[in-house]
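Taking it in order: structure first as structure tokens, then the write-up.
Only the coordinates and a few stated rules stand behind these numbers; no lab work does. A quick note: this is a predicted structure, and the numbers were derived from the prediction, not measured. Neighbour counts run over all protein chains shown; Cβ positions are idealised from the backbone, glycine included.
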Amino acid sequence: MRFLRNTRKAIADNRAESRARRQLSDELAAFRTAAERSELDMILSRHSADETREIHAILNQQDAERRYQVGVGTHQN
């Protein structure tokens, strides 16, 4: 019984973390222009790397996706 309860809690916690990460990713996606990103970088620089690790990971992923989309768009016939 305890195993089942722990498993259910782990699944619920995992879903909550996924929702929170998606929400953070959506909010960070709004910072698209160079000026907006500079402002965000200035805010993030006030915090340690440990505190901003997840945010930087999301921003790097979003940047890579944008570069890929631009690259794919320029190579279409």
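Shown here for the range 1-64: trypsin sites (Lys or Arg not before Pro) in loop regions (DSSP other than H, G, I, E, B) with at most 13 other Cβ atoms within 10 Å, namely R32, R46. From least to most packed, judged by other beta carbons within 10 angstrom and beginning with the fewest, F3, F31 follow the order F3, F31. When P(r) over Cα pairs in 10 Å bins from 0, in percent is calculated for this entry, the matching label among (1) 18, 52, 27, 3; (2) 15, 24, 31, 17, 9, 3, 0; (3) 15, 33, 26, 16, 7, 1 is (3).
Tell me, in nm to one decimal, what length is gained between A12 and S48 on full extension, where the rule is 0.36 nm per residue of separation less the Cα-Cα distance? If you can, show how the numbers build up before the last one.
Values: separation 36, 0.36 × 36 = 12.96 nm, distance 2.92 nm.
The A12-S48 span can extend by a further 10.0 nm.
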